[in-house]
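Only the coordinates and a few stated rules stand behind these numbers; no lab work does. In this text, all values refer to a predicted model and were calculated from it rather than measured experimentally. Ideal geometry is used to build each Cβ from the backbone, glycine not excepted, and the neighbour counts take in all protein chains shown.
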Amino acid sequence: MPSERRLKGRVLASVAVLALAAAEAGADRVAGQGWSIWLLVAVLALLELLRNLAMLAAPAPSRAAAPAPALDDPAAAWLRYAPIALFRIDLDDAAGPAVALNASAHRVLAHGHAAEHGELYETLRRQQVGQRTLVWFNGEHGAERVLLTAAALTTGAGRQQLLAWMPVENELEAETLSAWRELTHVLTHEIMNSLTPVVSLSRSAQELLETVQALLPDDVNEDLSIAFATIERRATSLQGFVDSYRTLSAMPEPRPETMSLTQVFGRLAALIGADWQARGGRAEFDVEPAALTLEADPGQFEQAMINLLLNAADATAGGAAPLVRVTARRHRDGRVRIDVWDNGPGIPDELAAQIFVPFFSTKERGSGVGLAVVRQLLHGNGGAVRYVKPVRGGAQFSVMF
């Protein structure tokens, strides 16, 4: 539709044409000439004048051009897709739940049951403004730590609190692994420096004892032999124990390559399948799609998977029908997810946060190295492993690449 300035110009032009046509028509009629043509021009000019006056008299919105579709607010878009989950709590409504403000917050609420949501809401409500709290949360990828902060706001709707829910498990895991590597390196180095001469001297003492046995009483010979043999045996055993921890600080750099998970799972099935069948159970492997691949060091990845499968075998020992199921899928966020589930008793909730800590073990004679090595191997290849408490029971370890 024409602008207001253009409409006014048309009105003035119509008036001028109307006046000219009326004057010329009057003069031609007096002179007896073709005045009817000018009369027609005058009528057309009058109609154009009336049309433009009507358009000018119409309300402004009806004349305004339809606005172009507004672009999405950049600030709202950043808020909606921020990697940090944002929640809002109405402080004037003590019973009201936390409101998810963006997609990340909805993903947090999408996982778990109503009881877990109640616990989450309570955690959010307890958060003090200006404080930072590290909390454990059982998310879709397993138990992970989250940094929670809060800010107070007062709006026309009343007193409110804005909470930021920031996943920090990967960062904390990287720092923890680095610290454990340094600590393990120092401990194993110092212990081995002390153990090596003890083993050597105990053996030398036993050899010397053999040369002087005839000069010593039988009871003294027996006591010394037992003492030196015990020292050597225990020192040698401790050396082997310390050697097992050296793997945490002396892992080679990974050499990643494209692997077919179908082929990798086939090798694992051939390696452990017979043992599970011998125990009256079975090991199941499934890859979907069959062409799914992964970028990782094949040897290190397979070693990590073998450790998880050995852990599942220990957990299901003594069961009537032991079962381990290994699946690989493309997760909805584009990452590759591998789950190792067994039908054992599972891990108690109070121990779940410690199972990846080096030297910690729930087994009577466990070294506490197996799962720590798994985490180290996977982390070095760009992966992360979490323990997930499955609804169907048992234990599940989820690996994300």
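At-a-glance table
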| item | result |
| --- | --- |
| Under-5 Å amide H pairs with Glu284, H placed in peptide plane, nonlocal only | Val324, Arg325, Val326 |
| Neighbour-count order for Ile226, Ile338, fewest beta carbons within 10 angstrom listed first | Ile226, Ile338 |
| Percentage, to the nearest whole number, of Cα pairs in the stretch 81-167 over 14 Å apart | 62 percent |
| Charge context of Leu308, other residues only, Cβ under 13 angstrom, K/R +1, D/E -1 | -1 |
| Nitroxide proxy distance, nm - points 7 Å out along Cα→Cβ at Arg267 and Asp90 | 5.9 nm |
| Per-pair calculated FRET efficiency, R0 = 41 Å: Ser225 and Ala278 via Cβ, rounded to 0.05 | 0.45 |
| Neighbour-count ranking [beta-carbon atoms within 10 angstrom, fewest first] of Trp136, Trp78 | Trp78, Trp136 |
| Contact order relative to length of the stretch 81-167, as percent, for alpha carbon pairs under 8 angstrom and 6 or more apart | 34 percent |
